[in-house]
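A single structure is presented below for examination.
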Amino acid sequence: MTSADRALVADWSRKSRGKIRIRLLFDDSEAGRRMKAFCRELSQLAPSVEVQMEPSEGDRSPEIRIGANVAYQVVPGGMELAPFLDALSGGGEPRATEALSPEVRGGLDRIRVPASLKVFVAVQCAFCPKMVSLLLELAAYSPFLHVTVIDGMLFPETAEVMGIRSVPTVILEERFRWTGSLDPGELVKVLLTRDVTGLGAETLKRMIGEGRAEDLAEMMIERGEIHGKFVDLLIDEKWPVRLGAMVAFETIVEKERGLASTIVEPLWSRFREVNDTVKGDVLHVLGMSGGRDVLPKLRAAAEGPYSEEVRAAARETLEDLSAEQGT
């Protein structure tokens, strides 16, 4: 931090009340080390701030998490420090104030599907803090909005992949983007009218993690289409994700058997690429689909070049389904 940053943190700390808990997911990259150093200095200057540090998982970028729906892939400093500290002022949860218009708040009240918003900034950008403050305000009002603030200079590869040419740039679900300015009313309208099939895998995972598997199922039933990323959830390496996806699939089976059967081909096409534990769950899902066209696939798994564990699971599923269909 600069001397001005330290003075700002010290002044903010004197006015803050109660413990403020944030999480740092770090790695050994330059960004991870810088964010770790920032968090240590922050907690020293502001004793009320408790930082829970833990290694980031897989290839996820290091980030500072504030509450349940805000993440900073930034080393907050300069003009970006004030919005960050303001977000902390709610005790680790972003604060909702009356800054949003009644129309915007009314639209946010109607949002029931999680949305992922990424805002790319640069610490020297004079316009970025205003955009960040607006998005944090929206996230504070609606728990369904998940905001990630990303320093494009600190994470140049991410910025390049996302095609970032100027800041601030806001990206919604990798499908909609705004550069320079953003009308919150326009954003809310897009959030309310977006097509569920355009939701990203992370948003679907978030719904699963929030215990809203049945809501996800209802969305697909209403659309009459299995989401293209849903198969990714069914073969995810993490058991809680697969379990949530299977709960959603069970709802589809119960309410729309014909729709459930459309999962067979795309799921079977991924069968060989997953490990044996996941293969067992895939076989279970194929069996739940109940279609006659799944029988040859179960026989292929039972007789194919797989481990005895997988073949046994296939035989068991095949027997149960054959008995159900009377074949």
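The numbers here are math on the coordinates, done by the rules we state, and not lab data. As the structure is a prediction and not an experimental result, all values here were calculated from the model. Glycine also receives a Cβ, built like all others from the backbone with ideal geometry; neighbour counts cover every protein chain displayed.
If you average over every viewing direction, what projected area does the convex hull of the Cα atoms of the chain give, in nm²?
Working: hull surface 74.2 nm².
Hull-based average projected area comes out at 18.6 nm².
What are the ³J(HN,Hα) couplings of segment 255-264, residue after residue, when phi is run through the Karplus curve with 6.51, -1.76, 1.60 and θ = phi - 60°? Round to Hz, x for glycine and proline.
Working through the residues one at a time gives 9, 8, 4, x, 5, 4, 5, 6, 7, 4 Hz.
What number results when the radius of gyration of segment 179-327, computed over Cα atoms, is divided by 2.2 N^0.38 Å? Kindly include the intermediate steps, with their values, before the conclusion.
Numbers: Rg = 17.4 Å, N = 149, 2.2 N^0.38 = 14.7 Å.
Expressed relative to 2.2 N^0.38 Å, the Cα Rg reads 1.18.
Report the semi-axes of the equivalent ellipsoid for segment 3-193 in whole Å, largest first, where each axis is √(5λ) for an eigenvalue λ of the Cα gyration tensor.
Details: eigenvalues 127, 80, 47 Å².
After diagonalising the Cα gyration tensor, the semi-axes are 25, 20, 15 Å.
Using the charge dipole of the chain (Lys, Arg: +1 at Cβ; Asp, Glu: -1 at Cβ; taken about the Cα centre), state which of G290, L100, L243 has its Cα farthest towards the positive end.
Toward the positive end, the furthest listed residue is L100.
Can you say what percent of the DSSP beta bridges in the chain, counting only those with both residues inside, are antiparallel? Round to 5. Numbers along the way, then the final one.
Numbers: 14 of 32 bridges.
In the chain, approximately 45 percent of DSSP beta bridges are antiparallel ones.
Order these by the 10 Å Cβ neighbour count, fewest first: S142, S101, S133. Intermediate values should be presented prior to the final figure.
On the way: S142 24, S101 12, S133 15.
Ascending number of Cβ neighbours within 10 Å: S101, S133, S142.
Another question about this same structure. Take V190 and E50, extend 7 Å from each Cα along the Cα→Cβ direction, and tell me the distance between the two endpoints in nm.
Those two pseudo-labels are separated by 3.8 nm.
Work out the FRET efficiency for R33 and S13 from their Cβ-Cβ distance, taking R0 = 35 Å, and round it to the nearest 0.05. Could the numbers behind the result be given before it?
On the way: r = 24 Å, r/R0 = 0.68.
With R0 = 35 Å, the Cβ-Cβ based efficiency is 0.90.
Can you put Y72, Y306, Y141 in order of Cβ neighbours within 10 angstrom, beginning with the fewest? Write out the running numbers ahead of the final one.
Values: Y72 26, Y306 18, Y141 21.
Ranked by crowding around the Cβ, least crowded first: Y306, Y141, Y72.
For a footprinting-style exposure proxy, rank R112, R315, R242 by other Cβ within 10 Å, fewest first.
R112, R315, R242
Here's a follow-up. Considering only Cα-Cα distances, which of the following residue pairs are longer than 27 Å: K36/K130; K130/K238; K238/K297; K130/K229; K118/K255?
Values: K36/K130 25 Å; K130/K238 38 Å; K238/K297 24 Å; K130/K229 34 Å; K118/K255 35 Å.
Beyond 27 Å between Cα atoms: K130/K238; K130/K229; K118/K255.
Over the Cα atoms of segment 9-59, what is the Rg over Rh ratio if Rh follows Kirkwood? If you can, show how the numbers build up before the last one.
Details: Rg = 12.2 Å, Rh = 11.7 Å.
The Rg/Rh ratio comes out at 1.04.
Based on the Kirkwood radius over alpha-carbon pairs, what value in µm²/s does the Stokes-Einstein equation return for the translational diffusion coefficient of segment 205-286 at 25 °C and 0.890 mPa s? Please report the intermediate quantities before stating the final value.
Details: Rh = 12.5 Å.
Reported coefficient: 197 µm²/s.
Then there's this: I'd like the distance separating the alpha-carbon centroids of segment 135-158 and segment 219-257, in whole Å.
Taking the Cα centre of segment 219-257 as reference, the centre of segment 135-158 is 27 Å away.
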